[in-house]
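Nothing in this text is a laboratory measurement; each read-out follows from the coordinates by a stated rule. All of these numbers come straight from a predicted model, not from anything done at the bench. Cβ sites come from the backbone with ideal geometry, for glycine too, and all protein chains shown count toward neighbours.
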Amino acid sequence: MFCTKCGTKLEENSKFCHNCGQTTNVTPKKNERHKSGGIRKAIKKDAISRNKKTLILATLLILGGSLVFSFIVQTYYTISSLKTLATIIDILLTIVTSFVGFGLIGSAIEVSRGNEITLYNVFAKPFKNIKNILLYYLLIVLVIVGYSILLFIPFINIIVIMSSIIAIPVLLIYFYPVLDILIYLIMDEDQEKLPFLETLKKANKIVNGHRVEYYGMIFSFIGWFILGILTLGILYIWLIPYVTISMANMYRTWINETKFEATETGMTNGTVIGLTAGGYAIFIFMAFIAGIMYALINEIEIENYEDPYVYTYNEYTTT
């Protein structure tokens, strides 16, 4: 089997060319689709077995450092009545943290391949392809600024707001996996360094046909993230490297660099997504009912309120 665009030899049933990203229009067999849950389990099981010590230490430094620095800034500048400056510093801190996060992803790819990494690798990796990382930020900023400008244009802003109710969730669901895999392409040192727009197109080709698989993997970690909240975020120090390596494993399967076999059965990706969406809908519904009940109880208390104080008004007549 060969790529129709560049002629590269491909594995049987490959969905796209690992060299140029060209799709092959191969539809997976039905029995392969039913193995999706088992393959996801195999990917996550491999991620658990990988050596995560360096990534855990890096995560601890990133999260701990940002929280401590943010607390110091907020405490000092709030007391000094410089809340605006504190907000600006917090935004810059978020950007720096996400920038270092690129290095965490790049290092997770190396760990997924069985390569050894150091703490220096994690923090140095973003600077090796800083141009595309900055262009990634620029793309996000342009989208946000463009949308904000439309909201200030008379008549058009009404159309934008009304269409956003449906359009924005759909666009986010469709394009978010592309933006996520784009980061992996940017940080993968084994990939050919292409111009940013070409890399974006390649990410889109890789994601095509894998969106259900992507969200199935993401939503399969929901329980872990809830548990992380219950541990006051301490679990995230281990969870973030685990999730990142799992996503790196999945990314490597999509570019046909490796293959994971389903050694056991598991819920399909569609089932995981359905259960998560259903649970979220139930949570929103219960929160809505709780809000209505709170409002009704509050209104009844106001109506039955009796003022314990007796007010006496004296009338004065001016002559």
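Some notes on this structure:
- Pairs from the table (K125/K193; K45/K205; K128/K193; K131/K201) lying more than 20 angstrom apart at Cα are K45/K205.
- If R0 is taken as 35 Å, the Cβ-Cβ distance between L92 and I229 corresponds to a FRET efficiency of 0.85.
- Cα-only Debye scattering, segment 136-191: base-10 log of I(q)/I(0) at q = 0.17, 0.19 Å⁻¹: -0.67, -0.77
- With the convex hull drawn around the C-alpha atoms of segment 216-305, the volume per residue stands at 132 Å³.
- Contact order relative to length of segment 148-208, as percent, for alpha carbon pairs under 8 angstrom and 6 or more apart: 27 percent
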